[in-house]
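The values are calculated or read from the model by the stated rules, or taken from the named source; none is laboratory data. This is a predicted model, so every value here is computed, not measured. Note that each Cβ is placed from the backbone with ideal geometry, even for glycine, and that neighbours are counted across all protein chains shown. Keep in mind that these areas ignore ligands, DNA and RNA; they rest on the heavy atoms of the full protein, side chains included. Shrake-Rupley method; radii C 1.70, N 1.55, O 1.52, S 1.80 Å.
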Amino acid sequence: MCVKVSGNTMATGSSDRTIRIWDVESMKCTKTLIGHQRGVWCLTFYGLNLLISGSHDHSIKIWNLQSGTCERTLNYHNAPVWSLVQKRDVLISGSHDKTAVVWNIRHCTLKQQLCGHAGAVFTVDLDEKAKLAYTGSGDKTIRQWEVHSGRCIRIIKASKTDPVLSIHLQQGYLVCAAGMVISLWSANSAKKIKQFLGHENRVESVQLRVYEDDYKHNIILSCSKDRKIKYWNIKSGRCIRTLSANTDPLNCAHCNDMIIASTSTDGAVKIWDFNPHALLFSTSTFHNYHQIL
């Protein structure tokens, strides 16, 4: 399963081939989107009214959240689509076919195919200006690409032993999950800044929350097959809090300023109240969670 949160709206994708749209305040499912032929592995919101999904059926779909209908289907990959990221008019998709594709999402046209990885592209991201793309792969590397030319300009050897399953870029930082290790890099110099150790099984997803004017509150959120969600202080490198409400392995977590949402292999979605500006000062930041079955 996968999950994305935007404001008061949450989207979840599942191996049952559906996407569900949830109102976070009421915990009610408001729509079920049907159209993929196999499981849905990645989601990204596009503006207020559109959602983009990638599937094991090799396709990318663009959904109208008001009507619940599929507006467009993008077909180019010849293997499962594992990851999506959208900024400005650029969409990047990563696939098991060892490539990433650059799309102009406004016109739904293919601009570039990013070739060079020796393994599946499990994770993708873009810088804020949508000029540079980043891809993480089963070949244990992260590649940096020029979006307009499709040229690979840097290769980061992120791990000696494990595939790169998740990356996230924000404010010049790049965080990476490979095996049980989380590593933080400078996106500009490609130098490793710090490692974060503490998970007892494979880390499935990582997310940065970076505030330029509040450095001591900058965090990394991670979830793992060890059934735990952790968040880490970037400056100190220490784990601030561990959440262990799941009985089955986790496969995705995502947060905004209000909540953390997680999905697990048992099909459950859990939601915690979350205020990153208070998390260093209150042991009751995560005072409750809601379970959606």
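Can you name the residue in the range 187-215 that is closer than 16 Å to SER236 by Cα and touching a Phe, Trp or Tyr at 6+ places or on another chain (Cβ under 7 Å) and is also modelled with the lowest pLDDT among such residues? Don't jump to the end; show me each part of the working.
Initial filter on the range 187-215 (closer than 16 Å to SER236 by Cα): 192-198, 208-211, 214-215.
Narrowing the set further to residues that are touching a Phe, Trp or Tyr at 6+ places or on another chain (Cβ under 7 Å) leaves 192-193, 196, 208, 210.
Working: LYS192: 97, ILE193: 96, PHE196: 98, LEU208: 96, VAL210: 88.
Only one residue fits best here, namely VAL210.
Give me the residue from the range 12-29 that is among the polar types (S, T, N, Q) and assigned to a strand (DSSP E or B) and, out of that set, farthest from the chain's Cα centre (by Cα). Before you say what the answer is, go through the steps one by one.
Residues of the range 12-29 that are among the polar types (S, T, N, Q), as a first pass: 12, 14-15, 18, 26.
Adding the requirement that they be assigned to a strand (DSSP E or B) leaves 12, 18.
On the way: THR12: 12, THR18: 18 Å.
Selected residue: THR18.
Take the residues of the range 146-164 that are part of a strand (DSSP E or B) and buried (at least 16 other Cβ atoms within 10 Å of the Cβ): which is nearest to the chain's Cα centre (by Cα)?
Among residues in the range 146-164 that are part of a strand (DSSP E or B) and buried (at least 16 other Cβ atoms within 10 Å of the Cβ), the one nearest to the chain's Cα centre (by Cα) is VAL164.
Please state which one of CYS115, CYS70 is closer than 29 Å to TRP22 by Cα and in contact with a Lys or Arg (Cβ under 8 Å, 6 or more places away or on another chain).
Just a single option satisfies the conditions, and that option is CYS70.
Restricting to the range 184-196, name every residue that is among the aliphatic types (A, V, I, L, M) and either assigned to a strand (DSSP E or B) or closer than 12 Å to ILE220 by Cα (or both).
Passing the criteria: LEU184, ILE193.
Anything in the range 99-116 that is within 16 Å of GLN144 (Cβ to Cβ) and open to solvent by less than 20 Å² (accessible area, probe 1.4 Å)? List them, or say none.
THR99, ALA100, VAL102, LEU114 - these are the residues of the range 99-116 that are within 16 Å of GLN144 (Cβ to Cβ) and open to solvent by less than 20 Å² (accessible area, probe 1.4 Å).
For the range 173-180, state whether one or more residues are touching a strand residue (DSSP E or B) at 6+ places or on another chain (Cβ under 7 Å), open to solvent by 10 Å² or more (accessible area, probe 1.4 Å), within 27 Å of PHE196 (Cβ to Cβ) and touching a residue at least 40 places away in the same chain (Cβ under 8 Å).
The answer is yes, given that some residue of the range 173-180 is touching a strand residue (DSSP E or B) at 6+ places or on another chain (Cβ under 7 Å), open to solvent by 10 Å² or more (accessible area, probe 1.4 Å), within 27 Å of PHE196 (Cβ to Cβ) and touching a residue at least 40 places away in the same chain (Cβ under 8 Å).
Would you mind finding the one in THR73, THR32, THR69 that is under 28 Å from GLU146 (Cα atoms), surrounded by fewer than 17 Cβ atoms within 10 Å (Cβ to Cβ) and over 20 Å from the mean Cα position of the chain (by Cα)?
When all the criteria are applied, what remains is THR73.
Could you list, in sequence order, all residues of the range 219-274 that are out of contact with any helix residue (DSSP H, G or I) (no Cβ under 9 Å at 6 or more places or on another chain), aliphatic (A, V, I, L, M) and not in a strand (DSSP E or B)?
Within the range 219-274, the first condition is being out of contact with any helix residue (DSSP H, G or I) (no Cβ under 9 Å at 6 or more places or on another chain), and the residues that meet it are 219-232, 237-274.
When the remaining residues are screened for being aliphatic (A, V, I, L, M), the result is 219-221, 229, 240, 243, 245, 250, 253, 258-261, 268-269, 271.
Correct list: ALA245, MET258, ALA268.
Of (1) among the basic types (Lys, Arg); (2) buried (at least 19 other Cβ atoms within 10 Å of the Cβ); (3) over 15 Å from the mean Cα position of the chain (by Cα), LYS191 satisfies all except one. Which?
Of everything listed in (1) among the basic types (Lys, Arg); (2) buried (at least 19 other Cβ atoms within 10 Å of the Cβ); (3) over 15 Å from the mean Cα position of the chain (by Cα), LYS191 misses just condition (2).
Looking only at strands (runs of 3 or more DSSP E) that lie completely in the range 101-145, which have at least 3 residues being touching a strand residue (DSSP E or B) at 6+ places or on another chain (Cβ under 9 Å), hydrophobic (A, V, I, L, M, F, W, C) and in contact (Cβ under 8 Å) with a residue 40 or more places away in the chain?
Strands (runs of 3 or more DSSP E) meeting the threshold: 121-126.
Quick test of your reading of the structure: ASP89 fulfils all but one of (1) without any contact (Cβ under 8 Å) to a residue 40 or more places away in the chain; (2) within 20 Å of the chain's Cα centre (by Cα); (3) open to solvent by 30 Å² or more (accessible area, probe 1.4 Å). Name the failing condition by number.
Among (1) without any contact (Cβ under 8 Å) to a residue 40 or more places away in the chain; (2) within 20 Å of the chain's Cα centre (by Cα); (3) open to solvent by 30 Å² or more (accessible area, probe 1.4 Å), the lone unmet condition for ASP89 is (1).
With the requirement that a residue be open to solvent by less than 40 Å² (accessible area, probe 1.4 Å) and part of a loop (DSSP other than H, G, I, E, B), what does the range 199-212 give you?
HIS199, VAL210, TYR211
Those residues that are crowded, with 18+ Cβ neighbours inside 10 Å and either at pLDDT below 95 or not in a strand (DSSP E or B) (or both), I need them from the range 36-51; list them, please.
Within the range 36-51, just HIS36 meets the criteria.
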